[in-house]
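A.B. asks: Provided herewith is a single structure, encoded as structure tokens, for subsequent inquiry.
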Amino acid sequence: MNNVPQHVSIIMDGNGRWAKARGKERVYGHVAGVESVRACTEAAVEAGVKYLSLYAFSEENWNRPEAEVNRLMELMMEAIHNEVKTLLDNGVRFVVLGNRARLSASLNAAIDALMEKTAACARMTLIVFLSYSGQWDILQAVKKAAAEKGPEGVQAMTADDFAGYLVTAGIPDPDLLIRTSGEQRISNYLLWQCAYTEFVFSDVLWPDFRKPEFRAALETYAGRDRRYGKVK
Ligand code: FPP
């Protein structure tokens with residue numbers, strides 16, 4: 001495939017509607033959504049994508065009913081335990097980014113263990129955004145930069161310097177952002193990092209978004225003309 005994006009990011013949306021359409025609880029959609037995570041991770045590795053990032057849980061998602069929040073955290077824990085071997089076999093480095101202070105001690109420990117185990121994997125990096133929001137990220141970066149550099153240092157900062165304080169420091173900005181389920185909004189995701197990202201919106205609900213849909217989004221991206229505000 002030509003013109004493969006280096007970094008693909010996905011807002012996985014539509015699990016609840018998928019479950020409702022089947023007369024099931026919302027969590028049933030999240031369980032099915034984990035299969036889509038696996039399928040898209042495989043498809044990304046196969047296509048030669050270097051970074052795949054997933055918006056798994058936003059800062060705002062803490063306001064969902066407690067039972068749903070708990071089940072999502074359990075699913076994350078189960079996925080971490082179930083996928084160790086697959087990640088290692090496929091050379092996938094696992095990274096979690098977000099407001100980790102809000103996660104339970106046991107989940108944080110499991111995340112740290114998997115991040116350490118896969119730290120040397122170099123084929124692709126899978127980033128899971130957990131308890132993340134773009135505004136939170138920008139704000140924590142401002143506070144960290146101010147504490148480290150002081151007012152004069154902050155005044156002298158460039159955009160590149162500032163990006164080094166975001167939780168995504170060192171990770172290239174997404175080339176392609178996919179949002180499923182027909183919604184067309186950014187929902188407080190990677191606000192700074194998506195300055196020049198190409199967006200692809202799919203009507204398919206996340207539990208139905210598998211390899212063919214992922215590959216179709218890469219094809220759409222391959223046909224885009226990126227100008228970064230310049231004239232070609
Ligand atoms: C959006 O659907 C989906 C989520 C908020 C959760 C995504 C989580 C997973 C797929 C499971 C765990 C992830 C990993 C990385 C193992 P929604 O509930 O907002 O659906 P709706 O818009 O139809 O209500």
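A.B. asks: Report, ordered by chain and residue number, the aspartates and glutamates lying within cross-link reach of LYS144, taken as a straight Cα distance under 17 Å and ignoring same-chain residues fewer than 8 apart.
C.D. replies: Reachable aspartates and glutamates: GLU152, ASP160, ASP161.
A.B. asks: Full extension from ILE186 to LEU139: what is 0.36 nm times the residue separation minus their Cα-Cα distance, to one decimal in nm?
C.D. replies: 15.2 nm
A.B. asks: Using a 1.4 angstrom probe on the protein heavy atoms only, line up MET12, MET124 by accessible area, largest first.
C.D. replies: Result, largest first: MET12, MET124.
A.B. asks: Also: From largest accessible area down, sort THR86, THR180; use a 1.4 Å probe on the protein chains.
C.D. replies: Correct descending sequence by accessible area is THR86, THR180.
A.B. asks: Read phi for every residue in the stretch 208-216 and hand back ³J(HN,Hα) as whole Hz from Karplus 6.51 cos²θ - 1.76 cosθ + 1.60, θ = phi - 60°, with x for Gly and Pro.
C.D. replies: 9, 8, 10, 3, x, 5, 5, 5, 5
A.B. asks: Another question, then. Rounded to whole Hz and in sequence order, give me ³J(HN,Hα) for the stretch 219-228 from the Karplus expression 6.51 cos²θ - 1.76 cosθ + 1.60, θ = phi - 60°, writing x for Gly and Pro.
C.D. replies: 4, 4, 4, 4, x, 7, 10, 8, 10, 6
A.B. asks: Can you give the charge dipole size of the stretch 99-163 about its Cα centre, rounded to the nearest 20 debye, using +1 on the beta carbon of Lys and Arg and -1 on the beta carbon of Asp and Glu?
C.D. replies: Around 260 debye, computed over the stretch 99-163.
A.B. asks: Oh, and also: At ARG102 and ALA169, where each label point lies 7 Å from the Cα along Cα→Cβ, what is the point-to-point distance in nanometres?
C.D. replies: 2.2 nm
A.B. asks: For the chain, set up a GNM with springs between Cα atoms under 10 Å and report which of PRO151, PRO174, PRO207 has the largest fluctuation.
C.D. replies: With Cα springs under 10 Å in the chain, the top fluctuation among PRO151, PRO174, PRO207 is at PRO151.
A.B. asks: Still on this structure, please answer the following. Amide H to amide H, which residues 5 or more places from ARG93 or on other chains are under 5 Å from it, using H placed in the peptide plane?
C.D. replies: HN-HN under 5 Å from ARG93: ARG123, MET124, THR125, LEU126.
A.B. asks: 5 Å is the cut-off here: which amide hydrogens, built 1.01 Å from N in the peptide plane, fall below it relative to ALA56, excluding neighbours closer than 5 in sequence?
C.D. replies: Answer set, sorted by chain and number: PHE129.
A.B. asks: Roughly how big is the stretch 119-232's charge dipole about its Cα centre, with Cβ charges of +1 (Lys, Arg) and -1 (Asp, Glu), in debye to the nearest 20?
C.D. replies: The calculation lands at about 180 debye.
A.B. asks: So, one more: Going down the table (LYS50/LYS211; LYS50/LYS85; LYS50/LYS117; LYS117/LYS211), which pairs top 24 Å between alpha carbons?
C.D. replies: Beyond 24 Å between Cα atoms: LYS117/LYS211.
A.B. asks: Let me ask something additional. Given labels modelled 7 Å from the Cα in the Cβ direction, how far is it in nm from ASP225 to ALA109?
C.D. replies: Result for the modelled spin labels: 5.6 nm.
A.B. asks: For the chain, what % of the accessible area comes from carbon and sulfur atoms, probe 1.4 Å?
C.D. replies: 52 percent
A.B. asks: Between LYS85 and ALA159, how many nm apart are label points set 7 Å from Cα along the C-beta direction?
C.D. replies: Each label point is offset 7 Å from its Cα along the Cβ direction, giving 4.6 nm.
A.B. asks: Right, another one. Ignoring ligands, DNA and RNA, what accessible area per residue does the chain give at 1.4 Å, in Å²?
C.D. replies: Heavy-atom accessible area per residue stands at 50 Å².
A.B. asks: Let me ask something else. With every protein chain left in place, what is the accessible area of SER106 in Å² (1.4 Å probe, nearest 10)?
C.D. replies: Estimated to the nearest 10 Å², SER106 gives 70 Å².
A.B. asks: For ASN63 and LYS117, FRET efficiency with R0 = 35 Å and r from the beta-carbon atoms, rounded to 0.05?
C.D. replies: About 0.60, to the nearest 0.05.
A.B. asks: Still on this model: Is the stretch 176-231 rounded, prolate or oblate when judged by the Cα gyration tensor, a ≥ b ≥ c being the square roots of its eigenvalues, rounded requiring a/c under 1.5 and prolate requiring a/b larger than b/c?
C.D. replies: Taking the square roots of the gyration eigenvalues as a ≥ b ≥ c, the stretch 176-231 is oblate.
A.B. asks: Using a ≥ b ≥ c from the Cα gyration tensor of the stretch 100-232 (square roots of the eigenvalues), is it rounded, prolate or oblate, where a/c under 1.5 gives rounded and otherwise the larger of a/b and b/c decides, a/b for prolate?
C.D. replies: Oblate.
The values are calculated or read from the model by the stated rules, or taken from the named source; none is laboratory data. A quick note: this is a predicted structure, and the numbers were derived from the prediction, not measured. Counting neighbours? That spans all protein chains shown, and the Cβs are built from the backbone with ideal geometry, glycine included. These accessible areas exclude ligands, DNA and RNA; they are computed on the full protein's heavy atoms, side chains included. Shrake-Rupley method; radii C 1.70, N 1.55, O 1.52, S 1.80 Å.
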